[in-house]
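Below is one structure; the comments refer to it alone.
Laboratory data are not the source of any read-out in this text; all were calculated from the coordinates shown. Predicted model, so just to flag it, every value in this text is computed and none were measured. Positions of Cβ are backbone-derived with ideal geometry, glycine not excepted, and every protein chain shown enters the neighbour counts.
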Amino acid sequence: MEAVEARRLKTHIASNWDHAILVCRKCSKKLDGGFGPDGKQKLAKALRRHLSLGKGRKAAAGIVEVSCLGICPKGAVTVVNGAASREWLLVRPGADLDELARELAIEDEAVAG
């Protein structure tokens, strides 16, 4: 009976993501906002809204808050582009989200998609 159930379990789930962006949750929490039009949103939410991405696997790109990335900069949030994981970004409050999207290479594909 267990063998039959094991065959029914999915092993792969599709997403529409072209990019996976990791945002440090601990850094975001320490800043208590600082992003978005009014400067009160966390970076992940502000970037998601700025690019009109939505949440979940059906969005054009995934912006995911993850636990501490271990950098812990003062006054900034650590961000990693999964496709270019050798270079991490430190994003300060009030950063230009258009410029950030260009640096992460998600602006053109995400907005067009």
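Details
- As a calculated quantity, the FRET efficiency between N16 and R92 at R0 = 25 Å, using C-beta atoms, amounts to about 0.25.
- Using a cut-off of 24 Å between Cα atoms, the listed pairs K42/K74; K10/K58; K29/K55; K29/K58 include K29/K58 as exceeding that distance.
- The chymotrypsin sites (Phe, Trp or Tyr not before Pro) of the range 1-88 include none that meets both criteria, a DSSP state outside H, G, I, E and B (loop) and at most 10 other C-beta atoms within 10 angstrom of the site's C-beta.
- In the chain, the sites counted are trypsin sites (Lys or Arg not before Pro) in DSSP loop states with at most 16 other Cβ atoms within 10 Å, and the longest stretch holding none of them, exclusive of the sites, is 11-39.
- Taking amide hydrogens as placed 1.01 Å from N in the peptide plane, the amide H of G62 sits under 5 Å from those of D18, H19, A20, I21, each at least 5 positions away in sequence or on another chain.
- Fraction of beta bridges assigned by DSSP in the chain that are antiparallel (%, nearest 5): 60
- Scaled radius of gyration (Cα, divided by 2.2 N^0.38 Å) that the chain gives: 1.22
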